[in-house]
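Remarks on the structure that follows.
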Amino acid sequence: MKRHLLSTADLSADDATLILDTAAELARIADRPIKKLPTLRGRTVVNLFYEDSTRTRISFETAAKRLSADVINFSAKGSSVSKGESLKDTALTLEAMGADAVVVRHWASGGAYRLAHAGWIRSAVVNAGDGTHEHPTQALLDAYTLRSRLGSLEGRRIGIVGDVLHSRVARSNVRLLSTLGAEVTLVAPPTLMPFAVEGWPCSSSYDLDPVLPKLDAVMMLRVQRERMDQAFFPTEREYSRRYGLHAQRMAALPEHAVVMHPGPMNRGLEISAEVADSTRSTITEQVANGVSVRMAVLYLLLGGSEPAIGTENEGGAK
Amino acid sequence: MSELASEKPSPAADAYTERQRGGGSGNWTIRGARILGGEARDLFIRDGVFVAEEVRGAQVVDADGLIALPGLVDLHTHLREPGREDAETVATGSRAAAAGGYTAVHAMANTDPVADTAGVVEQVWRLGREAGYCDVQPVGAVTVGIAGERLAELGAMADSAARVRVFSDDGHCVSDAALMRRALEYVKAFGGVVAQHAQEPRLTEGAQMNEGEVSSALGLRGWPAVAEEAVIARDVLLAAHTGSRLHVCHLSTAGSVELVRWAKSKGYPVTAEVTPHHLLLTDDLVRGYDPVYKVNPPLRTQADVEAVRAGLADGTIDVVATDHAPHPVEAKDCEWAVAAMGMLGLETALSVVQHTMVETGLLDWAGVADRMSVRAAAIGSLDGHGRPLEPGEPANLVLLDPAASRTIEPAELHSRSRNTPFAGLKLPGAVRATFLRGTATVLEGKVIDR
Ligand SMILES: [Zn+2]
């Protein structure tokens, strides 16, 4: 595996499978009375968040703590409008603090890539979402969830529906799921379909209904209400009618198919409450799997080839 | 040229007398230079002018193997002074120009304060004369504060000592069609030209790079070709309608080349420029999110690169203009989204043109002289530049070694800034000497301190 996790495009099928298998191993400790492993004792993980995302930050924080790492939460203000300390200066500070890994959420596409490659810092960098580019651990936890529900991903048909254009989750998922052998179909209104999507390793459709009956899983993307003001679609009602997943539409899915959402949801817009709360929905499962997958990523980036799970006495090391 | 030129002493003439310090006496013998890449012969200079006979006591430059071209003329240079002297000054930028083989540059108006009054353009012009490395010809803003709302005092700038003939809101597009029409009409009174930065603002809100496969993959907001082409299409029709001269700045797409080709086929008074970076680089370079590749207009695709090369070769595109845009380190040492747009160009332009146009067989050296000097001087109404290297003409010339090659090293540049996209690239050709009206600004590849 590489030194950083910046994009799922960097993961081979073997890399991805190793992460998912490691996550499965680590998930078992969640059932133990003591959920902590000593594996990353003495290592420092910094959560550097330029964008508020309590759920992602808590997930990473939990993952790092279960591996006994020291966790520093660094919430950096600053956007294209209100400039705070520069990414470079923050990076130099983290370097001086001796961070072993930096988990970075950034509003700018490429924020994590810059942090990893600009020569400011030596630590491992984990992309926790960068602009409208990628969110690799979200895709990994989605793949983990799909694997546990459907078995292998090979030949499975996955639909990703909604604002693909602005979705880092969609980009990471298309790359990862296709690497793992799944057939991905993107569904979006033409205004929210990325330019040159024909070159992506997936198919695409402007129409949801004909796609649904063939799917093993459908992933509904969050639609931001302000897109309406930018004329990406005329009204919420029309969006919901054409691209929302409601009970009637869900009935068109095959019996075994699951419904996913990376959260947070707009109930009533891209997904109806009935669907979100149904047994097909994996939404709460996704949250739990997020911790295991992030533990696996931190472990593999920082722990190297040592076994992930040792007994307390062995100190997690050979 | 307007009558004004004869009423005032030409800046060229009195600048010359001022420049008899450093860089030689003005009497030179240049031995064995290949004129426009042709036969080798000697050039003789007396008191800043080419003459037919060798001058006794003249300093001798051995130009064996070197090519002589008229001093290069840049139609599009950001010198940043006044306002951003941390990025560049007239002095440092014109030194960089001399190092690149230029004897005249057009200083863009987007300074702080904006060059939208006679006072500011005269200040820039005077700073250029004081520096003495090349003629610094200010470009005037089209609109007050380049805000795109009302016309700046174009006539006052034209009548000033700086004799402004090129007007541009560069960095911003004069997107208001009615205002653009009036600007085109108005500059006819003094033989001016409006140089348009073609960028439809609504189609490029928040745009970060060329809209294409790469922008989609990187999740960066796209800058569609149509945003450039739609404005060019409108403007060439306005040029036809008003009968006034339009110059299209830094066109970057295959569609833009087609539009200009069509306008020229109709006989419309339209000229166009392309930058060195759009002749060589593509949006594929953005994949590493390194802001040194962030520029406006953005780097496009390989198909666009081929189209602009073809357009430059067949004369659809009149000139290579650098769009030299210096930025301090911190403006590029950051996230892509907050980085400034622009690249250095003055010191690498000739090498890039040799690499992309000469070595590909698309242009010969006479063609390079035409696109980098002759036509640029004509568009800018600059007397004394872009002239043949013949007796009676001002001795503005560059000597270059086409057989040299060099690896571009940012630290070695004369510009105050370091944001070259060509860092580490091995490029052919090197400027050995530059003469401004017989005064050497560069000799043996070194800028002469003035
Ligand atoms: Zn421009």
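Values quoted throughout were computed directly from the atomic coordinates according to the rules given, and no laboratory measurement underlies them. Note that the structure is predicted; figures quoted are calculated from it, not measured. So basically every Cβ, Gly included, is an ideal-geometry build from the backbone, and we count neighbours across all protein chains shown.
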| query | DSSP beta bridges in the protein assembly as shown, what fraction antiparallel, as a percent rounded to 5? | reply | 30 percent
| query | Could you give me the ³J(HN,Hα) list for the range B:341-357, computed from phi with Karplus coefficients 6.51, -1.76, 1.60 and θ = phi - 60°, whole Hz, x at Gly and Pro? | reply | 9, x, 9, 5, x, 4, 8, 10, 4, 5, 5, 5, 5, 4, 5, 8, 10
| request: Please turn the phi angles of the range A:91-104 into ³J(HN,Hα) values with the Karplus equation 6.51 cos²θ - 1.76 cosθ + 1.60 (θ = phi - 60°), one per residue in order, whole Hz, x for glycine and proline. | output: 4, 5, 5, 5, 4, 5, 6, x, 5, 8, 9, 10, 9, 10
| request: With both partners inside chain B, how many of the DSSP beta bridges are antiparallel, as a percent to the nearest 5? | output: 50 percent
| field | Whole-Å distance, taken between Cα centres, linking the range B:47-125 and the range B:304-365 | value | 18 Å
| request: Determine the dipole magnitude for the range A:12-80: charges of +1 sit on the beta-carbon of Lys and Arg, -1 on that of Asp and Glu, nothing else is charged, the reference point is the Cα centre, and the result goes in debye to the nearest 20. | output: 420 debye
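How high is the relative contact order of the range B:73-379, in percent, with contacts defined as C-alpha pairs under 8 Å that are six or more residues apart?
16 percent
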| query | How about the range A:216-294: which trypsin sites (Lys or Arg not before Pro) there are in a DSSP loop, with at most 14 other Cβ atoms within 10 Å of their Cβ? | reply | A:Arg225
| request: Could you list A:Lys2, A:Lys88 in order of exposure, starting from the residue whose Cβ has the fewest other Cβ atoms within 10 Å? | output: A:Lys2, A:Lys88
| request: For the range B:403-411, just list the computed ³J(HN,Hα) in residue order, Karplus coefficients 6.51, -1.76 and 1.60, θ = phi - 60°, integers in Hz, with x standing in for Gly and Pro. | output: 8, 6, 9, 8, 9, 6, 10, x, 5
| query | Under a GNM of chain A (C-alpha, springs under 10 Å), which listed residue has the highest mean-square fluctuation: A:Ala143, A:Ala276, A:Ala64? | reply | A:Ala276
| query | Whose amide H sits under 5 Å from the amide H of A:Ser205, counting only residues 5 or more places off or on another chain, with H placed in the peptide plane? | reply | A:Leu186, A:Val187, A:Ala188
| Lys/Arg Cβ at +1, Asp/Glu Cβ at -1, dipole of the protein assembly as shown taken about the Cα centre: which of B:Leu285, A:Val174, B:Met180 is farthest positive-ward? | A:Val174
| message | Among B:Ala423, A:Ala247, A:Ala76, which residue has its Cα furthest toward the positive end of the charge dipole of the protein assembly as shown, with +1 on Lys/Arg Cβ and -1 on Asp/Glu Cβ? | response | A:Ala247
| query | When chain A is modelled as a GNM with alpha-carbon springs shorter than 10 Å, which of A:Ala196, A:Ala188, A:Ala139 fluctuates the most? | reply | A:Ala196
| note | Partner shielding of B:327-336, as the mean number of partner chain Cβ atoms within 10 Å, equals 5
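Return the average number of partner chain Cβ atoms within 10 angstrom of each residue Cβ along peptide A:190-201.
Counting other chains' Cβ atoms within 10 Å and averaging over A:190-201 gives 3.
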| remark: With a ≥ b ≥ c from the Cα gyration tensor eigenvalues, square-rooted, and the rule rounded for a/c under 1.5, otherwise prolate when a/b > b/c and oblate otherwise, the protein assembly as shown is prolate
| field | Cα centroid separation, the range B:390-435 to the range B:239-262 (Å) | value | 29 Å
| query | Which GluC sites (Glu not before Pro) does the range B:201-275 hold that lie in a coil by DSSP with at most 12 other beta carbons within 10 Å? | reply | B:Glu205
| Under a 5 Å amide H to amide H cut-off, with H placed in plane at 1.01 Å, what residues pair with B:Asp74 once short-range neighbours are removed? | B:Ala104, B:Val105, B:His106
| request: Using Cα centres only, tell me the gap between the range A:1-57 and the range A:247-274 in whole Å. | output: 28 Å
| query | About the Cα centre of the range A:136-283, what is the dipole size in debye to 20, counting +1 per Lys and Arg Cβ and -1 per Asp and Glu Cβ, all else neutral? | reply | 200 debye
| In chain B, what is the count of Lys pairs whose alpha carbons are under 24 Å apart, counting only pairs at least 8 residues apart or on separate chains? | 7
| query | In degrees, nearest 10, range 0 to 90: what is the angle between the Cα axis of helix A:283-302 and the longest Cα principal axis of chain A? | reply | 40 degrees
| query | Looking at the range A:28-131, which GluC sites (Glu not before Pro) are in a loop (DSSP not H, G, I, E or B) and have at most 16 other Cβ atoms within 10 Å? | reply | A:Glu85
| Given B:Trp28, B:Val338, A:Tyr50, which one lies farthest toward the positive end of the charge dipole of the protein assembly as shown, if we put +1 on the Cβ of every Lys and Arg and -1 on the Cβ of every Asp and Glu? | A:Tyr50
| query | To the nearest 20 debye, what is the magnitude of the charge dipole of chain A about its Cα centre, counting +1 on the Cβ of each Lys and Arg and -1 on the Cβ of each Asp and Glu? | reply | 440 debye
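Averaged over its residues, how many other protein chain Cβ atoms are within 10 Å of peptide A:110-117's Cβ atoms? Please report the intermediate quantities before stating the final value.
Values: counts 13, 5, 2, 7, 10, 1, 1, 3.
Rounded to a whole number, the mean comes out at 5.
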| Normalised contact order of chain A, rounded percent, pairs of Cα under 8 Å and 6 or more residues apart | 21 percent
| said: Using Cβ counts within 10 Å as a stand-in for footprinting exposure, how do B:Tyr268, B:Tyr289 rank, fewest first? | reply: B:Tyr268, B:Tyr289
| task | Report, by chain and number, residues whose modeled amide H sits under 5 Å from the one on B:Val51, excluding near sequence neighbours (fewer than 5 apart, same chain). | result | B:Phe44, B:Ile45, B:Arg46, B:Gly392
| field | Residues B:Val274, B:Val105, sorted so that the one with the fewest Cβ neighbours within 10 Å comes first | value | B:Val274, B:Val105
| query | What 222 nm value per residue comes from the helices of the protein assembly as shown, counting each DSSP H run with n ≥ 4 as -39,500 (n - 2.57) and dividing by all residues, nearest 500 deg cm²/dmol? | reply | -8500 deg cm²/dmol
| message | Running a GNM on chain B with Cα contacts under 10 Å, which residue among B:Ala325, B:Ala207, B:Ala52 ends up with the highest mean-square fluctuation? | response | B:Ala52
